[in-house]
Amino acid sequence: MFQNFTSITSLYSSLLFLDKVDKHELAYIIEESIARLEKKIRLIEERPGFSEVPDRYRDSALFISEHAYQALSNDANWLRKLVEHLRSA
């Protein structure tokens with residue numbers, strides 16, 4: 001569940017059963033997911049710009065890019081907090 005999730009909200013129900021899993025193994029799996037998110041974040045940060053996007057779509061492309069960046073960053077931060085929780089439990 002934590003390896004190939006598509007959204008953080010899809011993980012909510014799994015949180016109810018954390019007492020049934022190996023917390024160290026789950027923390028490792030989540031860290032791998034964080035690394036994948038960070039890779040996507042870096043791709044957005046390193047984008048060459050929107051020079052190839054027609055002027056009339058550039059503002060929209062920028063809004064979409066900013067939302068994707070913020071959503072991925074938020075998800076990564078939430079997962080980091082979850083890893084901290086697992087390690088402290």
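Here the Karplus curve 6.51 cos²θ - 1.76 cosθ + 1.60, taken at θ = phi - 60°, turns the phi angles of the range 56-64 into couplings of 5, 9, 4, 4, 5, 4, 5, 4, 5 Hz, with x standing for Gly and Pro.
Among Ser14, Ser33, Ser51, the largest mean-square fluctuation in a Gaussian network model of the chain, built with springs joining Cα atoms closer than 10 Å, belongs to Ser51. Across the accessible surface of the chain, with the other protein chains kept in place and a 1.4 Å probe, carbon and sulfur atoms take up 55 percent. Simple point charges give the picture: +1 on the Cβ of Lys and Arg, -1 on the Cβ of Asp and Glu, and for the chain a dipole about the Cα centre of about 80 debye.
Residues of the range 39-58 with an amide N closer than 17 Å to a point placed 7 Å from the Cα of Asn74 along the Cα-to-Cβ direction: 41.
Note on the chain: helix-only mean residue ellipticity at 222 nm, from DSSP H runs of 4+ residues weighted -39500 (n - 2.57) and normalised by residue number, equals -23000 deg cm²/dmol. Measuring spread by the Cα atoms of the chain yields a radius of gyration and Dmax of 16.3, 53 Å. Figure note: Leu79, Leu16, Leu62 ranked by solvent-accessible area, largest first, 1.4 Å probe, ligands and nucleic acids not counted: Leu16, Leu62, Leu79. Across the chain, the mean sequence separation of Cα contacts (distance under 8 Å, 6 or more residues apart), normalised by length, yields a relative contact order of 40 percent.
Along the range 33-47 the Karplus relation, 6.51 cos²θ - 1.76 cosθ + 1.60 evaluated at θ = phi - 60°, assigns HN-Hα couplings of 5, 4, 4, 5, 5, 5, 5, 5, 4, 4, 4, 5, 4, 8, 4 Hz to successive residues, with x for each Gly and Pro.
Annotation for Arg36 and Arg56: the two label points, set 7 Å from Cα along the Cα-Cβ direction, are 3.8 nm apart.
The values are calculated or read from the model by the stated rules, or taken from the named source; none is laboratory data. Being a predicted model, the structure only gives us computed values, none of them experimental. Cβ atoms come from the backbone with ideal geometry, glycine included; neighbour counts cover every protein chain shown. All accessible areas refer to the heavy atoms of the entire protein, side chains included, with ligands and DNA or RNA removed. Shrake-Rupley method; radii C 1.70, N 1.55, O 1.52, S 1.80 Å.
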